Structure formats: C-alpha cells, structure tokens
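Single-structure report; data block below.
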Amino acid sequence: MRIVVAPDSFKGSLSAVAVAKAMEAGILAVFPAAEVKKVPIADGGEGTVEALVLATGGCVIPEQVAGPLGDTVEACWGLLGDGETAVIEMAAASGLTLVPKERRNPRATSTYGTGQLIRAALDRGIRKLIIGIGGSATNDGGAGMARALGVRFLDAGGGELADGGATLAKLARIDLTGLDPRLAATQIMVACDVDNPLCGPRGASAVYGPQKGATPEMVAELDAALAVYAAVAKAATGKDVAALPGAGAAGGLGAGLMYFTAAALRPGVEIVLEATGFAALVRDAALVITGEGNTDFQTAHGKAPVGVAKVAKQFGVPAVCLSGGLGKGCDAVLEQGVDALMSVVPQPMTLEDCMCSAAELISAGTARLCRVLKVGILLGRRTKG
C-alpha cells in the first residue's frame, strides 16, 4: 500500500520536511509494510525554497541583504537541479518573522532585500525565477524591491522617497531609466497563495496590515498610499494591475512584480507540485495525507492542502488533511477536494506546548488516523463478506 504524505510546514514549529518525517513515523507504527512517499510542499511562503531544492536536487545559496527594517540579514535562495532556475522566498529577506513584535511597523518596512536576492540571481546568469511571496512584513507595494533593481521613486520636488509604505503617499513620479535591463529577458513566475487586490476592503493594507502591526488608523493611511502608488505606477508602466487577483499579496509585492517585471502570478502550490512530479507519485497511491499548522476558511482559497487534494482527486485517491488546529470555516476545504479533516492535538494544550511537541503530536495524530483507516479496511472486508 502506497501512502503519499505531502504536508506544508507547521509554521513556527516544524518545516515541511520535518512534518513529512513525523507523518511517516505515525503511518509505519500502524502499517509497517506501507510504502510511504514523502513530498514536502509549500504554497509560496515559508519552505518554498526547501521544497523545490529538495525535489529537484538543487542547492541553497546564502546572501547578505537588507532586512525589512534595513538591518543586514542572511537570506538564502535556491538554485534548482536544472542549474537554470532560481527560487526565492521574499520572506527570507522581507518576512514577518525577521521583525520582533515590538518593532513591527508596516509604515516603515521595505522589500529592498527581496530585490537584492533577485539581483543576486541575475548576477549568476539566472534568467528563470520562481518567487514565493508569502509571509511578508511589508506594505510597500514592492517599491523597495524595485529600488534594489534600479527604479527611482520621486516626490513632487524630485527627491527620492524613503523606504516603507507610508512614504508612497508623497509619490509623484517613477523613474524607470535605471531598471535592470536583464529583467526584460528574465522569466519570472510568482508563487502566490492569495487573490487579494492591491487596495480597498480586501486589499493588502486592510486584510494583512493588522498582523504586521498596523492600527486601524495606519491601515487607512497605508491603503491611501497604495492607491497613490497604483495611479503613478500605472502612468509610468502602462500597466493596470491594482485590481488583479494577487496584486495585494505580500503587502502589494504582487503588484510591484507585475508593474516592473514580466512576472506572471500562479498559485504557489501548483508550481511546487509540478516541480516535485507529484501527479506521478499519487497516480497509484491508496491515500494522500496533507496538512498545515492551522486549517481554516483561508485554506480553501488556494492553500497547499487544497492544491494537493485537487491533484489526488484527478486519480480518485482520497485525501486527508491532518493539521495542528482547525479554525473557523475549516469545513470549506471539504468542498475543495479534501475528504476528511483531523487535528493532531488530542486534548486542550497551550499553543506553546503544541509547538514544542509538534513532531510527537504529528506522529501520534497520524497513527490515530491510520488506526481509524484500519478499522475502515476491516469493516469493508466484513461488509463484502
């Protein structure tokens, strides 16, 4: 019996690789003869580089870049096994986890470091990029990224704007003359797991600003600043992207990549599943187990477990989502191809305790799932008899 385990990371506690190993241990405790295929996945956020490098036999390359608040951080990007494709996680350079809670301020944070990672890949001769844009600390519309690649953002007096989302309210002109010419010959695929537009009640500021430290007043300020940015960027580039799905991803980095490069946005999990050859592994499987740290209504909108389940459904293979927690609206995933949901937490526990014991909880939870499946197998045999 082949069982494919294809989890996302349990953010803040275990990588997708570690989750897959824990699931395998739980399966073998109940079905010791099972053939377990581990396919760690991601949807454009944390773990995208690791998943794609592992799947293709590539390598990881470290760089010193500017973090969200300008501090120097070490951020890694991946060179895939073909030697021609780079994979970049914006979260590695501009992610929320790089900013302590007491310093989170989307008025000031910048995607400049993400632009430096793109430039580093270009410097190595890479002309195919996959950029994962989940987990950002920023709300600058990708302006910082563009600055690192030669774009200038100017106020009415011709002065250059400072970093951050708030200063975009003063934006009067965008100078593209210094934009890195290598981008014109570069294929950029953006792994995006949300469909939010740039501005408005579903925009970058309103939906994601609060988790980055924005107060209601700051949300209004940042949304207005992005509206100015959208108008000026449209005039400079001739592209009208602000209302497109995904433009508001990563504080508007989705829009920035579309404004200043030839980037195309795709669901991140689709990109990862294609690179891992997931369909071929699932075709003859008896079961697929996926999972993530928390499953709620957002998962139904293109998150990793739903992407996995949709491929499984193509071959009639049942898919179970085993998650750290089940939040509001989690049942929506049952309409998107997931056949069953389970939490790995067996009793009331603090979040800290859950995260500290994540591997043990996942192994034990997977074993419980498999015991239920074993009962189902026995019941099926008795029914046939």
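Working only within region 164-182, note down all residues that are in a helix (DSSP H, G or I), of a type in the set (A, V, I, L, M) and surrounded by fewer than 20 Cβ atoms within 10 Å (Cβ to Cβ). Across region 164-182, the qualifying residue is only 169.
Hey, does region 119-138 have a residue that's assigned to a helix (DSSP H, G or I), over 30 Å from residue 270 (Cβ atoms) and at pLDDT 95 or above? Quick ask: steps written out before the conclusion?
Within region 119-138, the first condition is being assigned to a helix (DSSP H, G or I), and the residues that meet it are 119-123.
From what's left, over 30 Å from residue 270 (Cβ atoms): none.
Checked against the condition, which is being assigned to a helix (DSSP H, G or I), over 30 Å from residue 270 (Cβ atoms) and at pLDDT 95 or above, region 119-138 yields no hits at all.
Those residues that are among the basic types (Lys, Arg) and under 19 Å from residue 264 (Cα atoms), I need them from region 195-253; list them, please. Across region 195-253, the qualifying residues are 234, 239. Can you say whether residue 243 is touching a residue at least 40 places away in the same chain (Cβ under 8 Å) and crowded, with 16+ Cβ neighbours inside 10 Å, as far as the supplied structure shows? No: the conditions fail for residue 243.
Does region 285-308 contain at least one residue that is part of a helix (DSSP H, G or I), exposed (fewer than 13 other Cβ atoms within 10 Å of the Cβ) and not assigned by TED's automatic domain parsing to the domain that holds residue 128?
Taking region 285-308 as the starting set, the residues that turn out to be part of a helix (DSSP H, G or I) are 297-300, 304-308.
Narrowing the set further to residues that are exposed (fewer than 13 other Cβ atoms within 10 Å of the Cβ) leaves none.
No: region 285-308 contains no residue that is part of a helix (DSSP H, G or I), exposed (fewer than 13 other Cβ atoms within 10 Å of the Cβ) and not assigned by TED's automatic domain parsing to the domain that holds residue 128.
Out of region 49-84, which residues are polar (S, T, N, Q) and modelled with pLDDT of 95 or more?
64, 72 - these are the residues of region 49-84 that are polar (S, T, N, Q) and modelled with pLDDT of 95 or more.
This table checks each residue for (1) touching a Ser or Thr at 6+ places or on another chain (Cβ under 6 Å); (2) farther than 18 Å from residue 19 by Cβ.
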site	(1), (2)
313	no, yes
323	yes, no
326	yes, no
336	no, yes
339	no, yes
357	no, no
362	no, no
369	no, no
384	no, yes
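For a quick check of your reading: which strands (runs of 3 or more DSSP E) sit entirely within region 28-94 and have at least 2 residues that are under 30 Å from residue 108 (Cβ atoms)? It would help to see each step written out before you state the result.
Working: elements: 35-38, 59-66, 72-79, 85-89.
Once the strands (runs of 3 or more DSSP E) in region 28-94 are filtered for at least 2 residues that are under 30 Å from residue 108 (Cβ atoms), what remains is 59-66, 72-79, 85-89.
Which residue out of 317, 338 is part of a loop (DSSP other than H, G, I, E, B), under 22 Å from the mean Cα position of the chain (by Cα) and not small (Gly, Ala, Ser)? I'd like the intermediate steps shown before the answer.
Details: 317 fails: under 22 Å from the mean Cα position of the chain (by Cα).
The unique qualifying residue is 338.
Restricting region 1-27 to residues that are in contact with a Cys (Cβ under 8 Å, 6 or more places away or on another chain) and part of a helix (DSSP H, G or I), the residue that is farthest from residue 311 (Cα to Cα) is 26.
State whether the residues of region 230-248 include one that is closer than 30 Å to residue 107 by Cβ and modelled with pLDDT under 95. Before the answer, list the steps.
Filtering region 230-248 for residues closer than 30 Å to residue 107 by Cβ gives 230-248.
Restricting the remaining residues to those that are modelled with pLDDT under 95 gives 245-246.
Yes, some residue in region 230-248 is closer than 30 Å to residue 107 by Cβ and modelled with pLDDT under 95.
Filter region 1-47 down to residues that are under 21 Å from residue 378 (Cα atoms) and free of Cβ contacts under 8 Å to residues at least 24 places away in the same chain and give me whichever is surrounded by the fewest Cβ atoms within 10 Å (Cβ to Cβ). Out of the qualifying residues, it is 32.
Being part of a loop (DSSP other than H, G, I, E, B) and among the acidic types (Asp, Glu), is that true of even one residue in region 322-332? Walk me through how you get there before you give the answer.
Taking region 322-332 and keeping what is part of a loop (DSSP other than H, G, I, E, B), we get 324, 327-329.
Imposing the further condition that a residue be among the acidic types (Asp, Glu) reduces the set to none.
No.
Can you find a residue that is assigned by TED's automatic domain parsing to the domain that holds residue 103 and farther than 23 Å from residue 96 by Cα anywhere in region 244-256? For region 244-256, residues assigned by TED's automatic domain parsing to the domain that holds residue 103 and farther than 23 Å from residue 96 by Cα: present.
The values are calculated or read from the model by the stated rules, or taken from the named source; none is laboratory data. All values reported here derive from a predicted model rather than from experimental measurement. Positions of Cβ are backbone-derived with ideal geometry, glycine not excepted, and every protein chain shown enters the neighbour counts.
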